[in-house]
Amino acid sequence: MRDTFHPVAWLAWLAAAALPALSTRNPLYLSLLMLAVGVTYVALGRRSPLAKSWGAFVRFGALLWLLTIPFVALTAHYGTIVLFQLPANWPVIGGPITGEALLFGLASGLSLISLLLVFAVFNVAVDQARLLRMTPGFVYQAGVVTAIAVAFVPQMIISWQTISEAQQVRGHRVRGPRDLLPLIMPLLVMALERAIQLAESMEARGFGGQVITGNSTARARGQLVMLLGLGALAAGLAGAGFWPDRPVLLGALLGAGAAALIWSFWDQGRRVSRSRYHRWLWGRLDRVLLVVSMGAAIGWLAVWLGQGEWLFYYPYPPYSPWPAFQPFLGLLILLVALPALLLRPEMTEM
Amino acid sequence: MSRRIALLNLLLLLALVTGPSPSNAGAGGVNQAALIVRHVDGSIQTRCLTFTEPSITGEELLRRSGLTVIVNYSSGLGGAVCSINGDGCQYPVQDCFCHCQGIQCEYWAYYHWAQGGWQYSSVGATGYQVSDGMLEGWSWGPGDYGTSGTMPPQIGFSDICISPTATPTPTATASPTATATATPTATPTVSSHVSSQPTAGRADAPPQVTFEAMAETVAAGACTVLKWVSWDAERITLDGEPVMAQDRHEVCPSSTHTYALAAANTSGQTVRELTIQVAVAGQVVPTEALGNLPTPAEIQQVSASTEVAPLPTIETFESPLDASASAIVPLSAQPQSEAPRPRAEALTENVAPLPATVTPMALVTPGPDEASWAPPTPFATPTVSLRRRPAGAGGPSPTPILIALASSGGRTGFQDVISSSTSGLGAGQSAPSRFDAVTPLNRDFSLSLMPGYASYLLMIALLLGGGAWVLRRRNIHRAQRS
Amino acid sequence: MIHLDRVTYTYPDQAKPALADFSLDIHPGEFVLVVGPSGSGKSTFLRSLNGLVPHFYGGQWAGQVDVFGRDPITQGPRGMAHLVGFVFQDPEAQFVVDTVEDELAFSMENFALPQATMRKRVEEVLDQMTIAHLRDRRISTLSGGEKQRVAIAAVLALQPEVLVLDEPTSQLDPQAAEEVLIALRHMNEDLGLTVILSEHRLERVVQYVDRVLYLPSLGAAPVLDEPRAVMSQLPLVPPLIRLGRSLNWSPLPLTIKQGRVHARQLAGLLAVKSVEAGGSGDGLGADSRRATISPAAPAGGESSPSVIDVHDLHYAYDGRAALRGINMQVQPGEFLALMGRNGSGKSTLLKQIVGLIKPDEGKVAVAGLDTRKAALEEIIREVGYVPQHPGALLFQETLQGELEFTRRGHAMPLDAAADQALLERLNLSHLAQRDPRDLSGGEQQRAALAAILVANPQIILLDEPTRGLDYDQKAALAGMLLGLRRQGATILMATHDVELAAACADRVVLLAEGQVVVDGPARIVMSDSQVFASQINKLFRDPRFLVVEDVLRELAAAGVEEAALLEERGGK
């Protein structure tokens, strides 16, 4: 599969696109984000098998969203825009059904959908294997396992199809949740069997790299440092909750903890010897995407940390149900659609 | 286990419903509920709300009382009150519980009045149903979130909500004779304190304290209740232990004990002592203590002569728009369930000296001098002193405001109070804004949103155009290739 | 040099050892074939060569193994990976990444080879396995045979000394299997790799191997000897060898070429002219030649209404036309074999007949029901469909439970006696209370068949029933299916297995690219084909002889005695 841009550039894009989805519920920003991501997807143009399975995920997410809207709208009886009234003596849903609750339900689900979309497009854009190869040594194995887990999903979908056909032909009808058992059990067993076979194959091919175990003192030192680092981080985080008035001490703890962990990871990574087959080249377009996406991500982060009020949307009184829109933030979201501009159709061939 | 909890809840609910709130319920289908709110700086607001539904939620009670409330709904488990009238945490800019260290928080604690005391609410504002005759309290202060908080002051339901059938007949005069006879069984020092008039400045004089006990002699193993009220005190201790400026404690001495209540401020200290005698079994409780109690006849007289009934503030405060006409009581009155004896005493003592010239505003609104009040620090000890504006220079007694107002000349006098309080608030913009409704944000569509929306639509159009262009380019490319 | 010395290994929680006192030597550069019935320890032996047994499986181990100077027990699979390349049975579950080139590089990256070395080796391996044209393809789009070749290439990239393969062709169709085995032969002969292969389809490979390792049963002593010597002992052998053994041909022929020599001698005795001679034989031969083989035309004249009627069926999915104008009629009581390459539409056609998918154009009528209009419940009362993977069907805790589940699905009353009788017929009654997923491959196949037959359908559809079965299991299956046919069932079987089709089928339909290429009596079609002919048929090139029994019967009919044969033979 020919690549589009360098995976690291796409990672920066992911940050720029996921940050808005994570940080705001404002439907204006989110709808703009979804459109920008959609334009990128259109520009990518591929129909990879993974894309199909992500379509299923997105549909599932949309279904979930549609289901949670009435849940919020019917249980939060608060607001001044009353749509209709249910008898107050009904247990949970009794009372006024307000427009603010409806808006809040809509906005909450929207952030989930947009996040799903962002990840779906990222998945289509980047070759998982390439991304996998770029993980640092100490998490390489976890990365492989994750990549395989992701690849299992389309296989499971195919298995599901096979199993449901087989059971259908036996006269089985799915009428209720219990009837799913004859479908789920074989699926799980088949997936498990496949997983074991794959594990065997990987083991036989020497997966795990050549880990230079080093002498026991080096190992013990690495473990000790990691333990201390984790402890310092935990203490720092706990202190931030309980004693917020000592920023210097907390900062020192967190910094020391992070440094210890990073050193320990680097040390372990050093001992995993692995080489890389492909050579990664940075083209001009890759650099442009990287820089612009990083700029957008940093800008959004700055706004999130500094001017948080721009981002929140809370329709209930005393706040206004009309969402605000800051053009600057809209611009940052527009930058998410940059790949659509940079991609040439020939780059997207299978 | 869950059945037990359900049963407990049911019992609690029953208890709360049938609790000791003698209410003027359902007279003509009108239900009333009372609300007390203690703010960050210790000031108190009370409201009486009339409603026609059989019950409303605690949160509706807050809102209908005209207070601007910010509630956090995003947990999906109901609402948590974050801020009342600007006090608290401005969710969602801030966290709803923004003054928390782990579980110790400074927050709005919700209490229900039940069985003669404040009970911490196990249910949130949106879940609790308030029905006729209930008294609800919201109090800002430190506590453990979910289990304890800072209790609201003890003001009786009947002090806040007058029965519609009750006819308050406040009279200015009170016969001093009734005063004399209605001597509480407290130590003589109490009366002496009552007669002293505090001068204007709060730090100019040592604090004033009323210290009483329900019964000065108890049988062995029995209990009695100590009550006290203090003014202008910064630190108050009972037997060396810090206590609140106005509170009541139940004590069960095993042997005769002298309790010392010390109230101190920058100008001095006032100490009151009270000895509770523990009668040995078989010993007759001396009746002289009882003998000092006013006879019911005297009590009647007292109540006839003074206005014991609470303020008739109900009717005017039904609609939240009248929020400005709030009865602000910086100091709580006596608990309603008490016998009128001690109150009568203080009452009669203090009724007389109230000059009509006193601006009830000053009584009502501690506002203008609010700046001089030191707001309580977070995690302060419970001895937050409730400062109270003395009623102007030269004279007004350090009386609980209600009584003072009531006695300022009958109903009309009270009307004056109300109107002047209204005007006072209107004129006195120095009144702290938190006593008004917080300036409501504009919830309607305003033109200031238009530029933002215009740029939004522009960007949408841009993206759609870009998408179409990309599609076209791809189709051209595909056509070229094939 | 591979040396096993008194190896005894028991799987965890098993009573009997899988390998007991196992000793053998394999010389470098040998091509060894490992044979034996299912469950006799072949897989265990193969895995002990690279340390998967016992490192991956656990269990108890005793004895020594030496593989080219290394001990798999101490090294473990990772330590042996550059020495022993292991290829597994299922092409679907061997790949980590999705691109061919990346998969080839995966193992090398794990060994931290320098980039230049990796690039060189990738090129070499692509050429060795002739998959250079697949370099940029996604693995999920490859065919089964291509996938297995990529798997072999991936392990070859580490340049091992030994290539160990555990039934690599069992999931593949004959052409793909052929490709793989040719590649293996090439590895062995041109590169000198030691190849140890476990295989059921002996006929394809037995002629190339140096030695055959026969494991008779679990824990029994192995037999490692020359192919001919072992073949004469094996209970289950390909038809050619079975014929040779019954007729005492010597030397035992391993290939068609070797067998032709003997067959020509027989020709005289049987007074049958070979097809190559071109002469007209007796009536039977003339009849068989006169009967026209018309493509896409139904065989013979049928007066009885057909139980399956496919008329101008078109169907497409995923943008591809899977079936293009299929016309087919099946009479009640016929046994029809659907043959063709992978992807020719066999499975799709079966699904159309059972009504799981509906035609885009055309009509499919089954037992009088139009699949477009009738509900699936009605159709499945008449048609039973056994899918490719019995694992997709079995989920209950006992076999008995499976039968009851089907009964409930069909709204049939429970009948324990009938179920028991059915299991008896399928030789599964002793397994009625066992968990179906614990059964062996052949037993699972029969269990799936039982689960479908509970409903007593008059039409039975089987999709590749012989995947991974050994000869014994295949013979049992064939017997069972013939028994069903005798009771009046109509059977449609999609299969690659030429021998099975030769043994059972009356009629063969060949599909290619979604169209019917040939449709005629089995004997005619198979003798006319190069690829889909049974061994016996290839030997004699005579429609009369599809299976060994045909030949023996003819011989008996011709009144020739074994003694006379032997004398002839001895005389030469």
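The values are calculated or read from the model by the stated rules, or taken from the named source; none is laboratory data. Values in this document were obtained by computation on a predicted structure and should not be read as measured data. No Cβ is skipped: glycine too gets one built from the backbone with ideal geometry, and neighbour counts run over all protein chains shown.
Restricting the stretch A:89-126 to residues that are of a type outside the set (A, V, I, L, M, F, W, C) and surrounded by 20 or more Cβ atoms within 10 Å (Cβ to Cβ) leaves a set whose member that is farthest from A:A62 (Cα to Cα) is A:G95. Only residues that are surrounded by fewer than 23 Cβ atoms within 10 Å (Cβ to Cβ) and at pLDDT 80 or above: list them for the stretch B:229-239, please. The answer is B:R235, B:T237, B:L238, B:D239. If only residues of the stretch A:177-196 that are more than 18 Å from C:D90 (Cα to Cα) and touching a His at 6+ places or on another chain (Cβ under 9 Å) are counted, the one that is farthest from the other protein chains (Cβ to nearest Cβ) is A:D179. Screening C:V209 against (1) among the β-branched types (V, I, T); (2) more than 24 Å from C:K42 (Cα to Cα); (3) buried (at least 21 other Cβ atoms within 10 Å of the Cβ) leaves a single unmet condition, (2). Criterion applied to A:V150, A:V174, A:V144 was being more than 9 Å from every other protein chain (Cβ to nearest Cβ) and either in contact with a Gly (Cβ under 7 Å, 6 or more places away or on another chain) or part of a helix (DSSP H, G or I) (or both), and the one residue passing it is A:V150. For the stretch C:298-416, the strands (runs of 3 or more DSSP E) that sit wholly inside it and include 1 or more residues that are more than 25 Å from C:G442 (Cα to Cα), touching a Leu at 6+ places or on another chain (Cβ under 9 Å) and modelled with pLDDT of 90 or more are C:308-317, C:320-330, C:361-366.
Taking the criterion of being facing chain C (nearest Cβ under 7 Å), within 23 Å of A:S275 (Cα to Cα) and assigned to a helix (DSSP H, G or I), the residues of the stretch A:197-207 that qualify are A:L198, A:E200, A:S201, A:M202, A:E203, A:A204.
Selection of first residues in the stretch C:367-380 that are within 11 Å of chain A (Cβ to nearest Cβ) and farther than 21 Å from A:Q167 by Cβ and of second residues that are part of a loop (DSSP other than H, G, I, E, B) and of a type in the set (S, T, N, Q), restricted to Cβ pairs under 6 Å at least 6 apart or on distinct chains, gives an empty result.
Restricting A:L290, A:L250 to those that are modelled with pLDDT of 85 or more, in a helix (DSSP H, G or I) and surrounded by 17 or more Cβ atoms within 10 Å (Cβ to Cβ) reduces the list to A:L290. Applying the criterion of at least 2 residues that are acidic (D, E) and away from chain A (no Cβ under 13 Å) to the strands (runs of 3 or more DSSP E) found wholly in the stretch B:80-155 leaves B:134-144.
For (1) crowded, with 16+ Cβ neighbours inside 10 Å; (2) within 14 Å of chain B (Cβ to nearest Cβ), each residue gets a yes or a no:
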{"site": "A:V225", "(1), (2)": "yes, no"}
{"site": "A:G231", "(1), (2)": "no, no"}
{"site": "A:Y277", "(1), (2)": "yes, no"}
{"site": "A:W304", "(1), (2)": "yes, yes"}
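For the stretch A:82-135, taking the residues that are within 30 Å of C:R138 (Cβ to Cβ) and outside any helix (DSSP H, G or I), the one that is nearest to the other protein chains (Cβ to nearest Cβ) is identified as A:D127. Within the stretch C:386-428, restricting attention to residues that are within 11 Å of chain A (Cβ to nearest Cβ) and more than 16 Å from A:P186 (Cβ to Cβ), the residue that is surrounded by the fewest Cβ atoms within 10 Å (Cβ to Cβ) is C:A411. Among residues of the stretch C:120-151 being out of contact with any Asp or Glu (no Cβ under 9 Å at 6 or more places or on another chain) and within 14 Å of chain A (Cβ to nearest Cβ), the one that is farthest from C:L184 (Cα to Cα) is C:T141. Restricting to the stretch C:341-356, name every residue that is surrounded by fewer than 20 Cβ atoms within 10 Å (Cβ to Cβ) and in contact with a strand residue (DSSP E or B) (Cβ under 7 Å, 6 or more places away or on another chain). Selection gives C:R341, C:S347.
Residues that are part of a loop (DSSP other than H, G, I, E, B) and either in contact with a strand residue (DSSP E or B) (Cβ under 6 Å, 6 or more places away or on another chain) or buried (at least 24 other Cβ atoms within 10 Å of the Cβ) (or both) within the stretch C:496-515 comprise C:D497, C:A505, C:D506, C:G514, listed in sequence order. Taken over the stretch C:2-17, the criterion of being at pLDDT 90 or above and among the aliphatic types (A, V, I, L, M) is satisfied by C:I2, C:L4, C:V7. Screening C:E382 with (1) closer than 22 Å to A:L183 by Cα; (2) in contact with a Pro (Cβ under 9 Å, 6 or more places away or on another chain) gives one miss only, at (1). Please go through the stretch C:169-186 and pick out each residue that is at pLDDT 90 or above and more than 16 Å from C:E203 (Cβ to Cβ). Within the stretch C:169-186, C:A183, C:H186 qualify. Filter the stretch B:440-475 for residues that are charged (D, E, K, R), at the interface with chain A (Cβ under 9 Å from one of its Cβ atoms) and part of a helix (DSSP H, G or I) and give the result. Answer for the stretch B:440-475, where residues must be charged (D, E, K, R), at the interface with chain A (Cβ under 9 Å from one of its Cβ atoms) and part of a helix (DSSP H, G or I): B:R473, B:R474.
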